């Protein structure tokens, strides 16, 4: 029973790290939206979020060491956390739309998922 609790805690903490990375990235995007008025194409935006997710993932490996010990759990995290993070960003986008705030592409499931997947892949690859 203790092992299951420990596993769930590790997954929850890894999820929190990835969502926190997305929130920071979204904040950075909001700060720079005024400088870039032209909307990028969806493919260019996707490539940008992959690059941004990889950079945030790389920085997060050094700031927050991996919270999940076993390889099997880290692979499960790779499958689950981006889905949950994308859902969180979908909710953030809906919340911002209701308040008539500016919504960036990261405030959607697809781009949130892509960002979190890239971040999780980098954390899996570069984490000791």
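Things worth noting here:
- Put the Cα centre of the range 10-26 next to the Cα centre of the range 43-67 and the gap is 11 Å.
- Net length gained if the chain between residue 59 and residue 91 were fully extended (0.36 nm per residue, minus Cα distance): 9.0 nm
- Residue-span extension gain [residue 1 to residue 79] - 0.36 nm each, minus C-alpha spacing: 25.8 nm
- Principal axis extents of the C-alpha atoms in the range 65-108 (largest first, rounded to whole Å): 43, 19, 13.
- Degrees separating the helix 71-98 axis from the principal Cα axis of the chain, which is the longest one: 30
- Ellipticity at 222 nm from helices only: DSSP H runs of n ≥ 4 in the chain, each -39500 (n - 2.57), divided by the residue count, give -27500 deg cm²/dmol.
- Structural size metrics of the range 2-126, computed from C-alpha coordinates, are Rg and Dmax of 14.9, 52 Å.
- Inter-label distance, nm, simple model (7 Å from Cα along the C-beta direction), residue 99/residue 71: 4.4
- Helix axis angle, 2-32 relative to the chain longest principal axis, alpha carbon, degrees: 20
- Its relative contact order, with pairs defined as Cα atoms under 8 Å and 6+ residues apart, puts the chain at 38 percent.
Values quoted throughout were computed directly from the atomic coordinates according to the rules given, and no laboratory measurement underlies them. Not measured: the values here are computed from a predicted model. All Cβ positions, glycine included, derive from the backbone under ideal geometry; neighbour counts span all protein chains shown.
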